[in-house]
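To start, the structure itself, in structure tokens.
What follows is calculated from the coordinates using simple rules that are stated; it is not laboratory data. It should be emphasised that the depicted structure is a prediction, and the values quoted were computed from it without experimental measurement. Don't worry about glycine lacking a Cβ; one is built from the backbone with ideal geometry, like all the others, and counts go over all protein chains shown.
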Ligand code: CAA
């Protein structure tokens, strides 16, 4: 896979997708997002990949949507371009997505982090929704995902003031999973990816699907969805292997079937 603005590397049973426009702090232009979605969808169907890391560089995960690309657009152009609709396809990726964040994760960058399932950050990471400072508001999920992640008042604080929060605050607010020194954030994300890649893939897929269901259904609907996925796993070979390995006190060997 060869792209202009991202780099895709596959190792062991996971892939690392690096956003690569360092000259503009990884601002997310339309081409980059096309490439990112294309790469994620392709990795999602690859049997060699069980978990995907999205990262940037030490200075920036992504400083938001590309402001210069949007600046002169009219509403009708934005509507016809509908560039943020493509971002919805990231939510449909079935494999676990880990964001490995260092430096700026702002606007669309923060929104991209929030479409991931797990977030590992460096101590230097900064998260924010600064769109208010340029006359707009979050447009790729920020008002909805941030509110669900950190609650109403903290989401209001970030969105209405545009203030950036540190990795330590983001951890305390429940926006991210872990903070490590800057030299280790990618290694830490890789170790999480390896661990998840060592689990039975069908159970991982249905577990991710069930957790995400909690965001768009009632508790009853979600519990029913969870239960059916649980029962469904009893037709997988990995369920039989996992439970018999437990009884036989040995390590299970997953077949992804
Ligand atoms: N779009 C386009 N270019 C950007 C950019 C963005 N979001 N963020 C940074 N850049 C560019 C700068 O224009 C600059 O380019 P030049 O060298 O050609 O001038 C280069 O990246 C380096 O940036 P700075 O010189 O500004 O670096 P800094 O360290 O002084 O400041 C910063 C860093 C605080 C992140 C600052 O760049 C900044 O405020 N960026 C914009 C952040 C922002 O508003 N993001 C939201 C975008 S809108 C959005 O995302 C909508 C949505 O909901 C999807």
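Side notes on the structure shown:
- Extended-chain gain in nm, criterion 0.36 nm per residue less alpha-carbon gap, residue 4 and residue 163: 54.1 nm
- The three principal axes of the C-alpha atoms in the stretch 60-166 carry coordinate ranges of 38, 34, 26 Å, sorted with the longest axis first.
- Taking the stretch 125-178 and dividing mean pair separation by its residue count, relative contact order in percent (alpha carbons under 8 Å, at least six apart): 47
- Packing, as the average of other Cβ atoms within 10 Å across residues, places the peptides 152-165, 7-20 in the order 7-20, 152-165, highest first.
- Distance between the stretch 22-65 and the stretch 87-128 - C-alpha centres, whole angstrom: 10
- Annotation for residue 59 and residue 172: the two label points, set 7 Å from Cα along the Cα-Cβ direction, are 2.9 nm apart.
- Shape category assigned to the stretch 201-248 from the gyration tensor of Cα positions, a/c cut at 1.5: prolate
- Cα gyration tensor shape for the stretch 123-257, rounded if a/c is under 1.5, else prolate or oblate: oblate
- Considering only the chain, percent of DSSP beta bridges that pair antiparallel, nearest 5: 25
- Rounded to the nearest 10 degrees, the inclination of helix 152-161 to the longest alpha-carbon principal axis of the chain is 30 degrees.
- A Gaussian network model of the chain, with springs between Cα atoms under 10 Å, assigns the largest mean-square fluctuation among 166, 74, 236 to 74.
- Residue among 223, 43, 175 with the largest mean-square fluctuation in a Gaussian network model of the chain, springs linking Cα atoms under 10 Å: 223
- Relative contact order computed over the chain (Cα-Cα under 8 Å; 6+ residues apart), in percent: 16
- Applying 1/(1 + (r/R0)^6) with R0 = 51 Å to the Cβ-Cβ distance of residue 253 and residue 24 gives a FRET efficiency near 0.65.
- Under the Debye formula (equal points on every Cα, no solvent term), log10 I(q)/I(0) of the chain at q = 0.07, 0.15 Å⁻¹: -0.26, -1.11
- Size of the stretch 1-115 as Cα extents on the principal axes (Å, biggest first): 45, 29, 25
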